[in-house]
Amino acid sequence: NILLARELHPELGDRVSVADLRERLPFEDGAFDLVLCNAVIQHISREDVLNVTLPELVRVLRPSGVLQLMLKHGHGVLTLFDADYGEERSFLLHDEHEVLATLTSLGMDLVAAEDEAGLGGLMYFTDPKGAGHCVFHMRKRAGK
């Protein structure tokens, strides 16, 4: 939570904020060089992700800025036992190809991986709970 973040890292002061990714973000166009959105959109409806969240994440990036986006991929809803929370949890799965097409249409391009270990393009992994994830590394086109 925001109060804990400020308590643990007072040097961040008022630079920490909370925003609802289903609404317009409270930042100027091109405000950030880097936007990280990890394991968040699996809690947001497909319609909001495609029509609000992704356009807003792109809007607040400066030209040539980088977006790192991680999501649980697939179709439908995944319900699994989460030992960290001690309960079953459900997650909305998103089609990574649809997300990629949307981001591309918004002026983003995949960052190419420089080598086998490079962080770029689309990366896939399965977490210890058995959920499949996809990580995007994308750069905003200049002039967008």
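The selection criterion, being open to solvent by 60 Å² or more (accessible area, probe 1.4 Å), free of Cβ contacts under 8 Å to residues at least 40 places away in the same chain and within 30 Å of residue 143 (Cα to Cα), does not hold for residue 90.
How many residues does region 1-32 contain that are among the acidic types (Asp, Glu), modelled with pLDDT of 95 or more and open to solvent by less than 100 Å² (accessible area, probe 1.4 Å)?
0
The values are calculated or read from the model by the stated rules, or taken from the named source; none is laboratory data. Because the structure is predicted, anything quoted here is derived from the model rather than measured. Neighbour counts are summed over all protein chains in view; Cβ atoms, including those assigned to glycine, are modelled from backbone coordinates with ideal geometry. Areas reflect the complete protein model, heavy atoms only, side chains present, ligands, DNA and RNA absent. Shrake-Rupley method; radii C 1.70, N 1.55, O 1.52, S 1.80 Å.
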